[in-house]
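We did not get these values from a lab; they are worked out from the coordinates using the rules stated. Please read these numbers as outputs of a predicted model, since none were measured by experiment. Don't worry about glycine lacking a Cβ; one is built from the backbone with ideal geometry, like all the others, and counts go over all protein chains shown.
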Amino acid sequence: MIVIMQQGASEEQINHAVERIEQLGLTPHVSRGQFRSIIGAIGEKLPAHQQILEALDGVERVVPIMKPFKLASREFHAENSVVTVGAVAIGGPEVAVIAGPCAVENAQMLDRIGRAVARRGAVMLRGGAFKPRTSPYDFQGLGEEGLKMLRETGDRLGLPVVSEVLAASDVQLVGRYVDMFQIGTRNMQNFQLLKEVGEYGKPVLLKRGFAATVREYLMSAEYILSRGNRDVVLCERGIKTFENEVRFTLDVSAVPVIKEYSHLPIIVDPSHAAGRRQWVAALALSGIAAGADGIIVEVHDRPEEALCDGPQALTPEAFEELVEHVRKVAAALGRGLAARNPA
Ligand code: PEP
Ligand code: MN
């Protein structure tokens, strides 16, 4: 349930409500809004709890949260959450473009591609060092060496970096190098991993499981939030359907649905959905038009040599054109493009 404090409730009243919530065996999560504070009281609640809390000074009313996800819900936090990664804000008025290769292959290629995307409007660099490959015989990523390259390149170019963490046991290692963890589609319900990144204290890009419903997805976000990490960015990256012309079907409808149900930022990944570069731009633009807060796109300057996901990689030139189109679609919605912080 949520405890809605009166407008102008004092710090003392908020603290007292927090104490009482704890005494009732519930976990308080305070959300300070522009006008009033709301306290989520999460846990096993008894019918009497509502009355007890409603009687406290400074409390306006106490309402149950109907959705199974609580901290992720708009009922708990009415305004859009903005997640800050380095100098980049995701979920605010500006649309963020994240780009880079699928995998870090070596320092030279990462530097080339990093420069190419930074020059063309990317505000964050992506690159996998631990790759979740369908075949154990495919390139598995460079591991820690790859993370070092990503960190160095990001620092050189002034771009925060995001990279996938595959296992709970790797969270400490990956956390030393990245600005934002990526949880991949195949791990959306790896609850131990979600708990670990929830406790680490760095932002998390949580991709939607390719066979997960929106509700299951938001429950996974709830795992991270409930561990005290508020910096969760969602990412629609395509789901499995009967259609197999595309690699996955980008569920554009998830964007407005999630925007209604949740305050968390959501971006789209058109690359893994399309699977082919010629369809990437259309999907990216549809996501922005639907209200997404950004895109994460795979770019490679020699796609035919890519060790992973070459067929869906945009060339730097195609990426440049896409960014221009994203700018126009965003502008039609009264939004700008997030700009890079000069290094
Ligand atoms: C990726 O971003 O390279 C990736 C593997 O994504 P997903 O988990 O969405 O397949
Ligand atoms: Mn990929």
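Give the shape of segment 83-337 as rounded, prolate or oblate, defined through the alpha-carbon gyration tensor: a ≥ b ≥ c are the square roots of its eigenvalues, a/c under 1.5 means rounded, and otherwise the shape is prolate if a/b is larger than b/c and oblate if not. Because its axes are fairly even, with a/c under 1.5, segment 83-337 counts as rounded. Around ALA306, what is the net charge, scoring Lys/Arg as +1 and Asp/Glu as -1 over all other residues with Cβ under 9 Å from its Cβ? That works out to -4.
Over the chain, DSSP H runs of length four or greater, each weighted -39,500 (n - 2.57), average out per residue to a 222 nm ellipticity of -10500 deg cm²/dmol.
For GLN189, the shell of other residues with beta-carbons less than 13 Å away shows a net charge of +3, using +1 for Lys and Arg and -1 for Asp and Glu. Within the same chain, lysines fewer than 8 places from LYS240 are excluded, and of the rest, those with a Cα less than 29 Å from its Cα are LYS67, LYS70, LYS131, LYS195, LYS207, LYS259.
Charging the Cβ of each Asp and Glu at -1 and of each Lys and Arg at +1, and nothing else, the dipole of segment 2-63 about its Cα centre rounds to 220 debye. Here the relative contact order of the chain, from alpha carbon pairs under 8 Å that lie six or more residues apart, stands at 17 percent. Couplings 3J(HN,Hα) of segment 122-138, computed from phi: 6, 10, 8, 9, 9, x, x, 10, 10, 9, x, 8, 5, 9, x, 8, 7 Hz, in residue order, whole Hz [Karplus 6.51 cos²θ - 1.76 cosθ + 1.60, θ = phi - 60°; x for Gly and Pro].
Rank the residues GLU236, GLU320, GLU260 as a footprinting-exposure proxy: fewest other Cβ atoms within 10 Å of their Cβ go first.
Numbers: GLU236 28, GLU320 16, GLU260 9.
By the 10 Å Cβ count, ascending: GLU260, GLU320, GLU236.
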